[in-house]
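J.: Shown below is the structure under consideration.
The values are calculated or read from the model by the stated rules, or taken from the named source; none is laboratory data. Treat the numbers as computed from the prediction; the structure is a model and nothing was measured. FYI the Cβ positions are ideal-geometry reconstructions off the backbone, even for glycines, and counts take in every protein chain you see. What goes into the accessible areas is simple: the full protein's heavy atoms, side chains included, and nothing from ligands, DNA or RNA. Shrake-Rupley method; radii C 1.70, N 1.55, O 1.52, S 1.80 Å.
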Amino acid sequence: MRRVIYFIVSFAIWVLLTWPFVDGRIDLQVVVAGLIAAFLAAILFHEILPKEHHVFISPARVFWFLIYVPVFFYYVIKANLDVVYRALHPKMPIKPGIVKIRTELKTDSGITALANSITLTPGTLTVDLTDDGYLYIHWINVKSDDIDQATKLIAKRFEWFLKRIFE
Amino acid sequence: MPYALCFLLFMIGLYCVVVKKNMVKIVIGILVMEYAVNLFLIMLGYRMGGVAPIVGQSELDPSTGGLLSSFLNASVDPLPQALVLTSIVISLGSLALMISVCVRVYGKYGTFDITEIRRLKG
Amino acid sequence: MAVFYILLLFVIIAAIIAVETKNLLSAVICVGAIGFGGSLMFLFLRAPDIAITQIVVEVMGLIILIRATISRDLTFISGDREFFGTVVSVVIVFVIFLAGIHVFDTLPDFGTAVFTQVPDTASQTYIEEGLERTGAANLVAAVILDFRAYDTLGEATVLFTAIIGAMVILRGKSRKLLEDPD
Amino acid sequence: MRGMTVIVKTVSSWVKVLIFLYGVYIVVFGHLTPGGGFAGGVVLASSYVLLMLAFGREFVEQDLPLALDSKLDCIGAFAFAMIAILGLVFAGSFFANFLYQKYLPGEPLRLISAGTIPLSNIAIGLKVGASLFLVFFSLSICRRGKGVTFDSPAGQEQE
């Protein structure tokens, strides 16, 4: 089952790669080459790929992912405007510091997605993570250095979606 | 003018090879010389306003199936590109060889300084 | 073409920094700047094959170079070789540069390919008949694997030899030799 | 060498398939679009180098043992030489493009065209990728300081 899913994912990547060449038409030779390449990738790498392959076959998870993308962009734009305000303000109201937050996500892909979402949001930056589910975040304007409070302010808004996608 | 600048790049590499004492610096000098020579060979085949020597669907004459004369008169030289393509990969192999020599010398003498190595030899 | 000249100057400045800086890791990073700038220049010179190869080879070469220099940077080697030898070398390099500049007067101007100046060259044949005689749309691939495949065979041999040489140099004395010295 | 954090591991395990497929694409389409065996081989090697940097050397040794890697290297070189010799057998001269001239001309600008050139590209890609990974592997085995020994299981096989 895993291999079939990886096969389909690899073939989708191949179609994207060869899209400029075939120019929207269906070229049988390219498709056959893609099937062989995807087969090779699925055979060679099935142990390396992350375990969260069931994400691709569950419609609910894909639905939540499609919801998550605009929500994430909304937060990114909001944080951008916030950072622009802080940078252009004559007094520079920043209070940088590193806080520790806790995450309830268990899977590798979930933690990775959370850390990358936090990093991509301007103003916050993932510095390090520990094995028992804590992340160290560099924050441009530390509102609270309490773990629960900081978790609520930084991570909860992403975690709610990521738990539905990856857990 | 671009030829002279390319030659200047080559001379910087040569200066690095003959003057510096550090082995890794000498390797870097050889790398710079390789870049300069590759660049010079590609420059020799360049035509002003040329196109890459890759035939696309738009360069084929639809009536006869041959190549359009606009491609024939504007394509840059494919021969130096083919030579440089092999040369780049060989430079990577020789870089690996030189670096492994440096690593072994460092393991034996504890330094990259070639004058120290010469002194320790005899 | 102004971008091309800017890139060329950028590459030269990066080369000077790579040669003159004391820190080896900085020198290696400047080599990366030379390589990626050179890749962009190849793109401007209408050689996309070379640009792709240069960029991936540069990444691998940087990894190898950093492997050699990282955590070995404690030994700063200052100064050049003996003073007299340095001066003589610099003078000789400068004289070669001045002499070599005049050689370029005999070449056609930049932007006029050399092979167009002579009738009946091999390159013109490759361009005109490459697609018809080999069927490959990428004329560089046609030259490299059909017209001049012997070059590629030699290249494969050289690469093979270089890798074998690197492995032989890197491997230490084997266990057997250490256990019972001959 | 335990490798890096979970973030690097997860991202590189997702990205590795992308890099591998891109390398295959560059090799297979080498006669139609920019690229070819040399560039594609280096991309294929770098997909394994990424894995080694993220997960550590021991992980890659299980996935692609050193003995298998040097076999792949030899297979690539052998296949390239065999294509040349088959040209001698079928068309009368070394490195003759016998497939294009006699058996399978194909249409220009399609994937199956140009006779032996795609096959040579694949052989060259295999050879370049395997040998570059091999040299990277030996550089990572070589320990810092003196006393370089191949004391890993794969290294002993090599000896």
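J.: Just to check, using Stokes-Einstein with a Kirkwood Rh over alpha carbon pairs, what's the diffusion coefficient of the range C:16-163 at 37 °C and 0.692 mPa s in µm²/s?
T.: Translational D for this selection: 166 µm²/s.
J.: A follow-up question, please. Taking a probe of 1.4 angstrom, what is the accessible area of C:H102 in Å², to the nearest 10?
T.: Answer for C:H102: close to 120 Å² accessible.
J.: Could you tell me the calculated FRET efficiency between C:T106 and D:M4, based on Cβ-Cβ distance and R0 = 60 angstrom, to the nearest 0.05?
T.: That pair, C:T106 with D:M4, gives E of 0.65.
J.: Partner chain Cβ atoms within 10 Å, averaged over the residues of A:127-134 - can you pull that number for me?
T.: Taking the mean over all residues of the peptide, I get 1.
J.: Could you work out the mean count of beta carbons from other protein chains within 10 Å of each residue's beta carbon in D:67-73?
T.: What the average comes to for D:67-73 is 1.
J.: Now for a separate question. In whole Å, what is the distance between the alpha-carbon centres of the range C:119-159 and the range C:10-61?
T.: The range C:119-159 and the range C:10-61 have Cα centres spaced 27 Å from each other.
J.: Right, something else. What average number of partner chain Cβ atoms lie no more than 10 Å from the Cβ of the residues making up C:124-133?
T.: 5
J.: Quick one: if the Förster radius is 41 Å, what FRET efficiency do C:V158 and A:V4 give, using the C-beta to C-beta distance and rounding to 0.05?
T.: So the FRET efficiency works out to roughly 0.45.
J.: To the nearest 10 degrees, how steep is helix D:37-55 against the longest Cα principal axis of chain D, on a 0 to 90 scale?
T.: 20 degrees
J.: Eigenvalues of the Cα gyration tensor times 5, then square-rooted: what semi-axes does that give for the range A:1-128, in whole angstrom, largest first?
T.: 39, 20, 13
J.: Enter the buried accessible area of the B/C pair, total of both sides, probe 1.4 Å, in Å² rounded to the nearest 100.
T.: The contact between C and B buries close to 7800 Å².
J.: At R0 = 45 Å, how high is the FRET efficiency between A:V62 and C:I17 if r is their beta carbon distance? Nearest 0.05 is fine.
T.: 0.35
J.: Any idea which of C:V87, A:Y75, C:I52 is furthest toward the positive side of the dipole for the protein assembly as shown, if Lys and Arg beta-carbons carry +1 and Asp and Glu beta-carbons -1?
T.: A:Y75
J.: In whole percent, and with a 1.4 Å probe on the protein chains, what portion of the accessible area of the protein assembly as shown is carbon and sulfur?
T.: The C+S portion of the solvent-accessible surface of the protein assembly as shown is 67 percent.
J.: Also, quick follow-up: Non-local amide H neighbours of A:N141 (under 5 Å, H modeled in plane, Pro and chain starts lacking H): which ones?
T.: A:K95
J.: Taking amide H positions as placed 1.01 Å from N in the peptide plane, with prolines and chain starts having none, which residues 5 or more places from C:A47, or on another chain, fall under 5 Å of its amide H?
T.: none
J.: So what are the ³J(HN,Hα) numbers for the range B:36-42, from phi and the Karplus equation (6.51, -1.76, 1.60; θ = phi - 60°), rounded to whole Hz, Gly and Pro as x?
T.: 5, 5, 4, 4, 5, 5, 5
J.: Just how far, in whole angstrom, is the range A:18-48 from the range B:29-100 if you go by their alpha carbon centroids?
T.: 28 Å
J.: Quick check: net charge around D:V6, other residues with Cβ under 10 Å of its Cβ, Lys/Arg +1 and Asp/Glu -1?
T.: Charge balance near D:V6 sits at -1.
J.: Here is a further query. With a 1.4 Å probe and all protein chains kept in place, how much accessible area does C:L98 have, in Å² rounded to the nearest 10?
T.: Here the accessible area works out near 90 Å².
J.: For the protein assembly as shown, give the share of DSSP beta bridges that are antiparallel, in percent and rounded to the nearest 5; count only bridges with both residues there.
T.: Bridges in the protein assembly as shown that DSSP calls antiparallel: roughly 90 percent.
J.: Across the range A:2-49, how large is the tail of the calculated P(r) beyond 15 Å, expressed as a percent of all Cα pairs?
T.: 41 percent
J.: On to the next question. Which whole DSSP H helices in chain C pass both tests: a Cα extent of 18 Å or more along the axis and a mean Kyte-Doolittle value no lower than -0.5?
T.: C:2-20, C:24-44, C:48-69, C:83-101, C:149-170
J.: Assuming a viscosity of 1.002 mPa s and a temperature of 20 °C, what translational diffusion coefficient in µm² per second does Stokes-Einstein assign to chain D, Rh being the Kirkwood radius over Cα pairs?
T.: 124 µm²/s
J.: Given the options B:L31, B:L72, B:L14, state which has the largest fluctuation in a GNM of chain B using a 10 Å cut-off (strictly under) for Cα springs.
T.: B:L72
J.: What ³J(HN,Hα) values, in whole Hz, does the Karplus curve 6.51 cos²θ - 1.76 cosθ + 1.60 give for the range B:47-62 when θ = phi - 60°, with x put for Gly and Pro?
T.: Here the 3J(HN,Hα) series is 10, 5, x, x, 10, 5, x, 10, 7, x, 5, 7, 8, 7, 6, x Hz.
J.: Can you tell which of B:V89, B:V17, B:V27 shows the greatest fluctuation in a Gaussian network model of chain B with Cα springs below 10 Å?
T.: B:V89
J.: Next up: Please compute, over every Cα-Cα pair in the protein assembly as shown, the percentage with a separation greater than 42 angstrom.
T.: The proportion of pairs with Cα distances above 42 Å equals 35 percent.
J.: Read phi for every residue in the range D:73-85 and hand back ³J(HN,Hα) as whole Hz from Karplus 6.51 cos²θ - 1.76 cosθ + 1.60, θ = phi - 60°, with x for Gly and Pro.
T.: Per-residue couplings from phi come out as 4, 5, 5, x, 4, 5, 5, 5, 5, 5, 4, 5, 6 Hz.
J.: Per the Kirkwood treatment, what hydrodynamic radius in Å, one decimal, follows for chain B from the mean inverse distance over all distinct Cα pairs?
T.: 17.6 Å
J.: Further question on the same structure: Whose amide H sits under 5 Å from the amide H of B:V51, counting only residues 5 or more places off or on another chain, with H placed in the peptide plane?
T.: Long-range HN contacts for B:V51: B:S75, B:V76.
J.: If you don't mind, another one. For chain C, set up a Gaussian network in which alpha carbons nearer than 10 Å are linked by springs, and say which option among C:M41, C:M167, C:M60 fluctuates the most.
T.: Comparing C:M41, C:M167, C:M60 in a Gaussian network model of chain C, the most mobile one is C:M167.
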